[in-house]
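Below you'll find the structure, written out as structure tokens, and then a few comments.
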Amino acid sequence: MMRMFAVAAVLAFCSTAALADEKPSADEAAKIKAAVAEWGCEGGEYEKEAEGTGVFEAEDVKCKSGQYDFRLDKDFKVFVITKD
């Protein structure tokens with residue numbers, strides 16, 4: 001019983017680690033920054049979803065009206081903005 005629990009815990013950890021977001025390349029980060037700037041915002045932390053969806057994230061972006069999270073498609077077009 002304990003052995004099955006240990007195996008399940010290892011599998012859960014491995015599957016979670018495999019889906020962790022990645023850092024975007026320098027070129028991708030520059031495109032994310034430019035897309036965020038088009039909305040009059042700046043800064044934040046940039047990530048690329050590791051699931052192969054082509055989705056990028058800009059989190060904790062500072063705008064005049066507050067702090068937001070942005071989601072961008074593979075063409076760096078913003079498709080979701082949420083207030084942080």
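Backbone amide hydrogens, once placed in the peptide plane, bring residue 39 within less than 5 Å of nothing, excluding anything fewer than 5 places away on its chain. Taking amide hydrogens as placed 1.01 Å from N in the peptide plane, the amide H of residue 84 sits under 5 Å from those of 67, 68, 69, each at least 5 positions away in sequence or on another chain.
Values quoted throughout were computed directly from the atomic coordinates according to the rules given, and no laboratory measurement underlies them. What you see is a predicted model; the values in this text were computed from it and never measured.
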